[in-house]
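**Student:** Let me give you the structure first, and then I'll get to my questions.
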Amino acid sequence: MLHLVKLELKKVSLRGYVYGALIAYAAIAAFLLLLYFFEGSDSSAPAFTSQFEMLTVVNTMVCATFIVYSSALLSGLVIGEFKDKTMSLLFAYPVSRKQLIFAKLSVVFAWCFVNIVLGNLLIGTVMLTVNGYVGQVGGELAAVELLRHVGFILLQGVGAAGMSLLPLIVGLPRRSVPATIVSSIFIVSIVNSNNNGFSLSSIVAIPLILAAIGIFGAYLSFRNIDKADVA
Amino acid sequence: MTDTIRTLMLSKNYRAADVVANVNMTVKRGEIYGFLGPNGAGKSTVMKMLLGLVRPTGGEIELFGEKLIPGSIDHLKRIGHLIETPAFYDKMTARENLELHAEYMGYHNKESIDDALRMVQLVGVDKKPVKQFSLGMKQRLAIARAISTRPELLLLDEPINGLDPEGIQLMRGLFRRLRDEWGTSILISSHLLSEIEQIADTIGVIDGGRLVREVALDEVRSSTTDYIEISTANAALAAYVLTEKLGIERFKQVGERTLRVYDSHVPQETLSKTLILNDVPIESINRRHHTLEEYFFDMVKGGDNHAASRQAGA
């Protein structure tokens, strides 16, 4: 199984994706820093009222970005192989089709999860450090609160990674890369949209349920793959 | 000796349409089997069924003497294939593509990749990404990939497509070599007899999803009929002379100016002499061989009856 995952990584040129992720981190950080400096505590409606809120916003942005980014990887690994007809090559190998697909989806899942955790860690640290020097957002960040947030990020990482597989339901039958990516944006806009500080993803149970839906959806789209005709 | 491929009443239909119907074919070990049929006859579908890419809706497949059961994948290790267009991971180099193939096939002999590239004469470009390859080069690379794991069975769907004459010559030689040196069984499909008649040991003719006939080529060559072809400006008069003066009944008019005489009891000299004496304007008179092409064309035309009678008998 690990071998299959390694072979998948060979195909996607991981380096390009890693650079892409680094650029995404930088862009998110830059955007938040702009907000921080120009919509700071002086204005009537400050961007961040507390350090905790700052971390929450970081998390929301990172999740949204990497659900969409993962759908690009998903398109490359799954939809692209169908479009380029390399899937019929893969399915004629002495390897179980379910394992092949499982390897692909694990790559996407892991990619999404790792990036969400890493992104939160890096960008969160940058924001807290900058605030440590500038001190625009006041108040203390209790260790307990921080710890709880870390736990929340891990859970949400799993949730988002599961959800990142959901676009398959739309994209796979159509063999369409755009449909996959657009549906991932759609998912993000529902799950992460912020209504007066409340978003669906802020309740822990919801990302986990959505993850379950995502994984189940991906399972459904590949359930019959052993019996399917690959044209 | 077990046969490499045997199918029994192999069928595939999509909804109501039969794409492949009751095909019984046998590919013997170490032979080149030419799979001949017009476009859309079902050649690719049969090959895909052999690879498990398409699921038969009826019948059985036996590969290497073992019946194929749904979900069995072990036999795929022993098969190399090129089905339809050659598909690659375009951004990877030629060599990386072959290495990836070897990994998936579970075949770990690095030398075989060099050998395969050498056999199709793609040495020196193996470090280039495949997207820079021309169609002909991709075709060669696909063949290299198919043979790089030293398969016992090669399934090649129109492998000559996109190759230049030199490439075609090279591949013909290669296929013969694989058969003679490695004992590889090769199933080659084509819609042109001329492409495969030079290398095939057996030819299976498929049309409209049905295997019309399966014959050893040697057998066909010896059984193809001779005839005398007469070119004349007055075919009607010639026909009259043939029947009335010479008592020949087995002849046929082909086009406006040509007659073919299948009766061999009248010598050619008599024939020409009688025709001339009766004022038939003769342009030429020749003894001819019924070509393989015509033989198979006739077979496809008469194939419906043949298949129907066989089904009735089955």
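**Student:** Kindly evaluate B:Leu50 against the criterion of being in the same structural domain as B:Thr184 (by TED's automatic domain parsing) and under 24 Å from the mean Cα position of the chain (by Cα).
**Tutor:** Taking the combined requirement at face value, the residue satisfies it.
**Student:** So is B:Lys67 within 16 Å of B:Asn13 (Cα to Cα), of a type in the set (D, E, K, R) and more than 13 Å from chain A (Cβ to nearest Cβ) or not? Break it down stepwise before answering.
**Tutor:** On the way: within 16 Å of B:Asn13 (Cα to Cα): no; of a type in the set (D, E, K, R): yes; more than 13 Å from chain A (Cβ to nearest Cβ): yes.
No: the conditions fail for B:Lys67.
**Student:** Restricting attention to segment A:92-111, report how many residues are surrounded by fewer than 22 Cβ atoms within 10 Å (Cβ to Cβ), within 7 Å of chain B (Cβ to nearest Cβ) and either of a type outside the set (Val, Ile, Thr) or at positive phi (or both).
**Tutor:** 3
**Student:** Name the residue, out of B:Thr270, B:Thr274, that is free of Cβ contacts under 8 Å to residues at least 60 places away in the same chain, surrounded by 15 or more Cβ atoms within 10 Å (Cβ to Cβ) and hydroxyl-bearing (Ser, Thr, Tyr).
**Tutor:** On the way: B:Thr270 fails: surrounded by 15 or more Cβ atoms within 10 Å (Cβ to Cβ).
Just one listed residue meets the conditions, B:Thr274.
**Student:** Which one is farthest from A:Phe216 (Cα to Cα) among residues in segment A:143-165 that are open to solvent by 50 Å² or more (accessible area, probe 1.4 Å) and of a type in the set (A, V, I, L, M)? Before you say what the answer is, go through the steps one by one.
**Tutor:** Filtering segment A:143-165 for residues open to solvent by 50 Å² or more (accessible area, probe 1.4 Å) gives A:143-148, A:150, A:154-155, A:158.
Still in the running and of a type in the set (A, V, I, L, M): A:143-144, A:146-147, A:150, A:154-155, A:158.
Details: A:Ala143: 36, A:Val144: 34, A:Leu146: 32, A:Leu147: 30, A:Val150: 26, A:Leu154: 20, A:Leu155: 18, A:Val158: 14 Å.
By that ranking, first place goes to A:Ala143.
**Student:** Would you point out the residue of segment B:92-120, among those that are open to solvent by 30 Å² or more (accessible area, probe 1.4 Å) and under 18 Å from A:Ser88 (Cα atoms), that is farthest from the other protein chains (Cβ to nearest Cβ)?
**Tutor:** B:Glu99
**Student:** I would also like to ask the following. Taking the condition more than 20 Å from A:Arg174 (Cα to Cα), among the small types (Gly, Ala, Ser) and not in a helix (DSSP H, G or I), does A:Ala30 pass?
**Tutor:** Details: more than 20 Å from A:Arg174 (Cα to Cα): yes; among the small types (Gly, Ala, Ser): yes; not in a helix (DSSP H, G or I): no.
Taking the combined requirement at face value, the residue does not satisfy it.
**Student:** Could you check, for segment A:70-80, whether at least one of its residues is among the β-branched types (Val, Ile, Thr) and either without any contact (Cβ under 8 Å) to a residue 24 or more places away in the chain or open to solvent by 10 Å² or more (accessible area, probe 1.4 Å) (or both)? Break it down into steps so the answer makes sense when it comes.
**Tutor:** Initially, segment A:70-80 is screened for residues among the β-branched types (Val, Ile, Thr), giving A:78-79.
Retained after the next criterion (residues that are either without any contact (Cβ under 8 Å) to a residue 24 or more places away in the chain or open to solvent by 10 Å² or more (accessible area, probe 1.4 Å) (or both)): none.
No, the conditions are met nowhere in segment A:70-80.
**Student:** Could I ask something else about it? Any idea which of B:Glu256, B:Glu214, B:Glu229 is open to solvent by 30 Å² or more (accessible area, probe 1.4 Å) and either assigned by TED's automatic domain parsing to the domain that holds B:Ile83 or part of a strand (DSSP E or B) (or both)? Before the answer, list the steps.
**Tutor:** Values: B:Glu256 fails: either assigned by TED's automatic domain parsing to the domain that holds B:Ile83 or part of a strand (DSSP E or B) (or both); B:Glu229 fails: open to solvent by 30 Å² or more (accessible area, probe 1.4 Å).
Result: B:Glu214 is the single residue among B:Glu256, B:Glu214, B:Glu229 that is open to solvent by 30 Å² or more (accessible area, probe 1.4 Å) and either assigned by TED's automatic domain parsing to the domain that holds B:Ile83 or part of a strand (DSSP E or B) (or both).
The values are calculated or read from the model by the stated rules, or taken from the named source; none is laboratory data. Because the structure is predicted, anything quoted here is derived from the model rather than measured. All Cβ positions, glycine included, derive from the backbone under ideal geometry; neighbour counts span all protein chains shown. Ligands, DNA and RNA are excluded from the accessible area calculation, which covers all protein heavy atoms including side chains. Shrake-Rupley method; radii C 1.70, N 1.55, O 1.52, S 1.80 Å.
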